[in-house]
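The structure appears right after this line, and notes come after that.
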Amino acid sequence: MKNHDFEGITYDAKNDEILVAIEGSDNVLVLTRDLNVKNTINVDRRDDNGRLILEKDPENGLEGIAVDNGDIYLSNQSFNKLPASDPSVVIKIDPVNADEAKIAEVIDHGFDNISGLAFYKGYLYMVTDSGNMLIKYDLKTKRVINTVKIKTFDDRLKGASVEGITFDNDGNIYFANDNGNTVYRYKFNP
């Protein structure tokens with residue numbers, strides 16, 4: 001597991017695996033819960049129509065990862081908007097063929113620089129470190145439900161940005177900052 005830029009991490013309860021998004025190579029590392037490498041999922045860079053979605057970019061790439069009932073979602077951290085190449089989108093991959101997972105869906109949420117993903121009670125939650133925003137997204141209706149500014153990052157941590165998000169079973173939401181020194185926990189009010 002050397003020489004990788006690990007970004008997002010998530011637990012896939014359906015398959016009992018840990019998944020790690022790797023920026024740069026833009027693939028997913030699959031681990032056992034004992035942190036042994038099972039395999040690597042290479043992500044095809046084109047959608048079903050042959051459109052290039054994930055362009056090699058030294059500054060941007062896969063950042064966030066979340067799993068919902070075995071489905072894998074990845075955020076491509078970028079400041080570009082569709083239809084530009086290398087856009088800020090969330091993709092759902094189909095890892096049926098572990099040699100190269102196809103992009104099964106492209107979610108154009110309208111925000112840039114998505115740095116973290118998590119599912120909670122049927123909704124996809126995204127965080128962007130551009131403006132430190134929490135975004136609630138409905139996959140069924142394909143629309144943003146709500147956005148909330150995460151004030152803690154601006155008020156207490158000048159220059160820090162929100163990079164990660166997760167929820168626990170007790171109704172708490174957690175945010176990590178990119179300075180690597182703080183995780184915040186809040187009681188979540190959807």
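Checking each residue in region 34-61 for being out of contact with any Leu (no Cβ under 7 Å at 6 or more places or on another chain), closer than 16 Å to Ile93 by Cβ and surrounded by 13 or more Cβ atoms within 10 Å (Cβ to Cβ) picks out Asn39, Ile41, Asn42, Asp44, Asp47, Arg51, Ile53, Leu54, Gly61. Evaluation of Asp86 against the conditions (1) under 23 Å from Lys142 (Cα atoms); (2) modelled with pLDDT of 85 or more shows that the sole unmet condition is (2).
For Lys92, the conditions (1) touching a residue at least 24 places away in the same chain (Cβ under 8 Å); (2) in a strand (DSSP E or B) all hold with the exception of (1).
I'd like the residue in region 16-33 that is exposed (fewer than 15 other Cβ atoms within 10 Å of the Cβ) and modelled with pLDDT of 90 or more and, out of all such residues, is farthest from Lys92 (Cα to Cα). Per the stated criteria, the residue is Thr32.
How many of the residues in region 1-15 are more than 11 Å from Val67 (Cβ to Cβ) and either buried (at least 17 other Cβ atoms within 10 Å of the Cβ) or modelled with pLDDT of 90 or more (or both)? Number satisfying all stated conditions: 1.
I want to confirm something. Restricting to region 62-75 and keeping residues that are touching a residue at least 40 places away in the same chain (Cβ under 8 Å) and over 9 Å from the mean Cα position of the chain (by Cα), which single residue is surrounded by the fewest Cβ atoms within 10 Å (Cβ to Cβ)? Even if it seems obvious, please write down each step before you answer.
If we filter region 62-75 for residues that are touching a residue at least 40 places away in the same chain (Cβ under 8 Å), which is where we start, we get 62-70, 72-75.
Now narrow it down to the ones that are over 9 Å from the mean Cα position of the chain (by Cα): 67-70, 72.
Values: Val67: 19, Asp68: 19, Asn69: 8, Gly70: 11, Ile72: 24.
Among residues in region 62-75 that are touching a residue at least 40 places away in the same chain (Cβ under 8 Å) and over 9 Å from the mean Cα position of the chain (by Cα), the one surrounded by the fewest Cβ atoms within 10 Å (Cβ to Cβ) is Asn69.
Put simply, of Asn181, Asn97, Asn146, Asn69 the only residue that is more than 19 Å from Leu19 (Cα to Cα), modelled with pLDDT under 90 and of a type in the set (S, T, N, Q) is Asn181.
The values are calculated or read from the model by the stated rules, or taken from the named source; none is laboratory data. The model shown is predicted, which means the values in this text are computed figures rather than measured ones. With ideal geometry, Cβ positions are generated from the backbone for all residues, glycine too; neighbour counts draw on all protein chains shown.
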